Every structure is written in C-alpha cells, then in structure tokens.
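Notes follow once the structure below has been shown.
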Amino acid sequence: MPPKSDSVEGIVLSFVNEQNRPLNSQNAADALQKFNLKKTAVQKALDALADSGQISFKEYGKQKIYLARQDQFNIPNGEELEEMKKGNIKLQEELADQKKAISEVESEVRGLQSNLTLAEIKSKEAKLQSEVHEMEEKLNKLRSGVILVKPEDKKIIEENFSEKVNQWRKRKRMFKELWDNITENSPKDQKEFKEELGLEYDEDVGVNLPSYTDMLTSLSKRRKVSR
C-alpha cells in the first residue's frame, strides 16, 4: 500500500519518482530541505521504500543508490519517440511564432506609449504659441528700430570680448613655445606626455581659437564701417 502523500515516505517517494534518476540519500536530503526533513529521516524513508519494493536500489560498496521503479512508467517505443520528436519540433516552431507575435505587440505598445496624449498635445501647443508670441514681440521691436542694447554697453562687451580673445591668443602662443622647448629632445610621445601631465588642449574641451578670432576680425570691420 503506497504511503500517504503528506508523510515522510510519501514525500520521498514522490520526489524519487519525479526525478526518475539515480539518487543517493544526500541528494534527496538536500532537495527535500524545503520540507524540513533531516537526512536521517530521508535515509530511513528511502530504506523503507526500497524494502517494500516501491523503489529500486543498488549498493556500490558502502553507498546505496536509489531509483524509481521503471515498470510504473510507460516507455515509448521507436515510432512513438519519432512522433514525439516531430511534435516537439512543431511546438518549437509555434513557440517561435508566438514570441515573434509578442515582440511585435510589445513594439507597437512602446510606440503608442511614446505618443503624446491629447492633453499633452494641447499643453505643448499652448507653450509653443506663447514662445512664438514672445519672439514676434522681439522681432517687432527690432523692426521698429528700438535699441535693445545701449551703445555704451555694447562697446564695453565688445572691448571685453576683444581683450579675452587677445589674451587667449597670447597664452596659447606662450604655451606652444614653452611646450616645444620642453618636448624638443624628450623621448616621450607627446600625446602620452600630455595625458600624463593632465593637460587639455582647446579642442579637447570643444573650443576653437580661430572661430573666435574670425568673430573678432568681423567685429573690427563693423567698427570701421560704422565710423
């Protein structure tokens, strides 16, 4: 008579049949810790099930190996195995199709989620209209000849700009002369040496002296024309 399913023997028997592979008592005890079963109880249950013929066992020296009784399972023949393989291939293809369909749906959902709601569209439209209105007011002021920057303020800004560009040019020249003297007879690679010293060129931080020099030249030309 089979043991009750919730008894120690019932739990162990169910586990052995589910695994259907060779097991020792340690394997079973490790897997059945979730049932709070100790190794001694598992060993006792395995021996009792083996003695009653509900599971098989073999001894290898001092070690006992337990296995589910194979006569309780319906083992398929060659034709049945072939049919099972074909069925498995078909299921794999159906699974791939389902995954593809799910991926397409998820992509569509992401696309819909990225679209603005009607309320968001109206809010953005109102913000853009406000910005357009502000820009039109500024444009109208410029068209009407309103001076937005006082001549004296403009002059101060231009002089400061000119001074900063000239200082930049001087310092860049001074650095180049110094750097050339230092590295003239140095065996080190200049790029590696620069990185070792933690130096940064203008280009490393996204600025370019010639572009500012051109702006300064253009500014000087406008000054001459205005005079």
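The values are calculated or read from the model by the stated rules, or taken from the named source; none is laboratory data. These numbers come from a predicted model, not from an experiment. Neighbour counts run over all protein chains shown; Cβ positions are idealised from the backbone, glycine included. When the accessible area is computed, the model is the full protein with side chains, heavy atoms only, and any ligands, DNA or RNA have been set aside. Shrake-Rupley method; radii C 1.70, N 1.55, O 1.52, S 1.80 Å.
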- [ ] Output the number of the condition that Glu158 fails; it satisfies all remaining conditions of (1) open to solvent by 90 Å² or more (accessible area, probe 1.4 Å); (2) in contact (Cβ under 8 Å) with a residue 12 or more places away in the chain; (3) of a type outside the set (A, V, I, L, M).
- [x] (1)
Open item on the list: Every residue in the stretch 189-210 that is in a loop (DSSP other than H, G, I, E, B) and open to solvent by 100 Å² or more (accessible area, probe 1.4 Å), please.
Closed with: Glu200
- [ ] Could you grab me the full set of residues in the stretch 106-116 that are surrounded by fewer than 10 Cβ atoms within 10 Å (Cβ to Cβ) and part of a loop (DSSP other than H, G, I, E, B)?
- [x] Asn115
TODO: Keeping to the stretch 132-155, report how many residues are open to solvent by less than 80 Å² (accessible area, probe 1.4 Å) and either in a helix (DSSP H, G or I) or at pLDDT 85 or above (or both).
DONE: 3
TODO: Enumerate the pairs (first residue in the stretch 21-32 and open to solvent by less than 10 Å² (accessible area, probe 1.4 Å); second residue anywhere and basic (Lys, Arg) and in a helix (DSSP H, G or I)) with beta-carbon separation below 9 Å, excluding pairs fewer than 6 apart on the same chain, so at least 6 apart or on different chains.
DONE: Ala28/Lys39; Ala29/Lys39
Task: Close pairs from the stretch 86-105: first surrounded by fewer than 10 Cβ atoms within 10 Å (Cβ to Cβ), partner modelled with pLDDT of 90 or more and not aromatic (Phe, Trp, Tyr), Cβ under 7 Å, at least 6 apart - done: none
Open item on the list: Just to be sure I understand the filter: pairs with C-beta atoms under 9 Å, separated by 6 or more residues or on different chains, first member in the stretch 65-76 and without any contact (Cβ under 8 Å) to a residue 12 or more places away in the chain, second member open to solvent by 50 Å² or more (accessible area, probe 1.4 Å). Which pairs pass?
Closed with: Pro76/Glu83; Pro76/Met84
Open item on the list: Restricting to the stretch 55-85, name every residue that is in a loop (DSSP other than H, G, I, E, B) and exposed (fewer than 11 other Cβ atoms within 10 Å of the Cβ).
Closed with: Gly61, Lys62, Phe73, Asn74, Ile75, Asn77
